[in-house]
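A.B. asks: The structure's right below; bear with me while I get my questions together.
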């Protein structure tokens, strides 16, 4: 009989090893089977549709007036060419004041809101529901932005030069001014560090569309970034955390706070409809007919542009918002609530036909807006 030798190991150790291997294989198979069963059951598990718990906002909106709206951390603003109406996060009316503006535009961050008259020279800075400062500029305003500390950035039209970039303190004092020469400023933003601003300019010399991304420190005269990018127009410049997002027609370019482009998000031919970003997550809403005609898709990314997930919709979503890693997106007659990886957690059903949905402060409360009213909505199953 041929004997099997296993070096210096004791007799029977080979059988023991074989038994151990078989046992391990059985354990692995059992774990994999359990995982498959769990995943299958998770996929088949129906999404909970909850009736949204809501209460009416105490507003005296004139049915014959066109209102725009925006939110801060703790207030909701409704504004028209004649007035500003402000409510708390619980829906109570706090302010209803006359404020004339031919073409009012608003920027919000933190507890601050800045309402400016686009094409005019006046702007009004609010902290909460209180009017902190009215600012009068020498040139007509085309863009206005505010940060969470009350510092404001204005892009104004000039006579000799095309545009000026002006930064004011919370008290309305001018602390920075830059003139664009022959360049048109398309978009701009101011960082929460109160020092950095970003501008996007465009020119069409030689029939070629070229955008320039400028980043300034307001204590210096010259930009620390001036990068030309061809065949792209940046309709939005947005500081979020330590990054600047230049949201264009085909791509989003991401810059760090040193002014270096570290990443891009390519839309891959899809049309960008809307965006939201908060707390290190970026959500882009695209038009997409891959799954169904006239559909849309939400794609989420890390703050550096790495893909996290996607969620397809059968219709063109009208709104999207993001707070604390929670994404809310219009999904026909319901609101789909997703996590940061675009996994649907539940749906909210409302009796209203919402035109917009915005988180208030955190991700547990939101305001739903219709053409003539608003409701405070609790975001939970």
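A.B. asks: Could you identify the single residue in 156, 210 that is more than 20 Å from the chain's Cα centre (by Cα), without any contact (Cβ under 8 Å) to a residue 40 or more places away in the chain and buried (at least 19 other Cβ atoms within 10 Å of the Cβ)?
C.D. replies: Answer to the selection: 156.
A.B. asks: Could you tell me whether region 111-123 includes any residue that is out of contact with any helix residue (DSSP H, G or I) (no Cβ under 7 Å at 6 or more places or on another chain) and either free of Cβ contacts under 8 Å to residues at least 12 places away in the same chain or over 16 Å from residue 144 (Cα atoms) (or both)?
C.D. replies: yes
A.B. asks: Exactly one of (1) touching a strand residue (DSSP E or B) at 6+ places or on another chain (Cβ under 8 Å); (2) in a loop (DSSP other than H, G, I, E, B); (3) on the phi < 0 side of the Ramachandran plot is unmet by residue 310. Its number?
C.D. replies: The failed condition is (2).
A.B. asks: Return the only residue of 107, 148 being under 24 Å from residue 236 (Cα atoms), touching a strand residue (DSSP E or B) at 6+ places or on another chain (Cβ under 8 Å), in a loop (DSSP other than H, G, I, E, B) and free of Cβ contacts under 8 Å to residues at least 60 places away in the same chain.
C.D. replies: After applying the criteria, what remains is 148.
A.B. asks: Any residue at all in region 106-118 that is at pLDDT below 95 and closer than 22 Å to residue 319 by Cα?
C.D. replies: No, because not a single residue in region 106-118 is at pLDDT below 95 and closer than 22 Å to residue 319 by Cα.
A.B. asks: For region 248-280, give me each residue that is under 21 Å from residue 342 (Cα atoms) and either out of contact with any strand residue (DSSP E or B) (no Cβ under 6 Å at 6 or more places or on another chain) or free of Cβ contacts under 8 Å to residues at least 40 places away in the same chain (or both).
C.D. replies: Those that are under 21 Å from residue 342 (Cα atoms) and either out of contact with any strand residue (DSSP E or B) (no Cβ under 6 Å at 6 or more places or on another chain) or free of Cβ contacts under 8 Å to residues at least 40 places away in the same chain (or both): 251, 266, 267, 268, 269, 270, 271, 272, 279, 280.
A.B. asks: Taking only region 323-369 into account, find how many residues are in a strand (DSSP E or B) and farther than 18 Å from residue 87 by Cα.
C.D. replies: The qualifying residues number 18.
A.B. asks: I would also like to ask the following. Quick one: residue 55 ticks every box in (1) in a strand (DSSP E or B); (2) surrounded by fewer than 18 Cβ atoms within 10 Å (Cβ to Cβ); (3) at pLDDT 95 or above except a single one, so which number is it?
C.D. replies: If we test residue 55 against (1) in a strand (DSSP E or B); (2) surrounded by fewer than 18 Cβ atoms within 10 Å (Cβ to Cβ); (3) at pLDDT 95 or above, just (3) comes out false.
A.B. asks: How many residues does region 181-207 hold that are more than 21 Å from residue 157 (Cβ to Cβ) and surrounded by fewer than 22 Cβ atoms within 10 Å (Cβ to Cβ)?
C.D. replies: Total meeting the criteria: 7.
The values are calculated or read from the model by the stated rules, or taken from the named source; none is laboratory data. Computed from a prediction, not measured in an experiment: that's the story for all the values here. FYI the Cβ positions are ideal-geometry reconstructions off the backbone, even for glycines, and counts take in every protein chain you see.
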